[in-house]
Amino acid sequence: MYTPRRRRIGCWTAVATVVLAIVGLIRWWTAPIDIPRPQRPPEPADNPYDVYRSLAAYTAQIFRNDPMLSYA
C-alpha cells in the first residue's frame, strides 16, 4: 500500500520529535543535582591607602637615587 510522501515525512518528523523529547527527559532526569562551586577568595582590605603610600615612597626613593631614571 502506498502512503503519500507528505504523510511519511510528517510521521518521521513526529517520531523524531518524540525520540528527541524522550532523550532530553532522560538526560534531564539523570543530570547531577548539585554542581560543586569553588570557594570565593577572601575580600581585599577596605582601605589599601597605607600600602599604596609605602609603594609610592619606595618608588620615589628609587627615582631619587638613580640618575638614569631622572626626568630630563
Has region 59-70 got at least one residue that is free of Cβ contacts under 8 Å to residues at least 40 places away in the same chain and assigned to a loop (DSSP other than H, G, I, E, B)? yes
Looking at the structure I just gave you, is ILE33 surrounded by 10 or more Cβ atoms within 10 Å (Cβ to Cβ) and of a type outside the set (Asp, Glu)? no
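Values in this text are rule-based calculations from the coordinates and carry no lab data. Treat the numbers as computed from the prediction; the structure is a model and nothing was measured. Neighbour counts run over all protein chains shown; Cβ positions are idealised from the backbone, glycine included.
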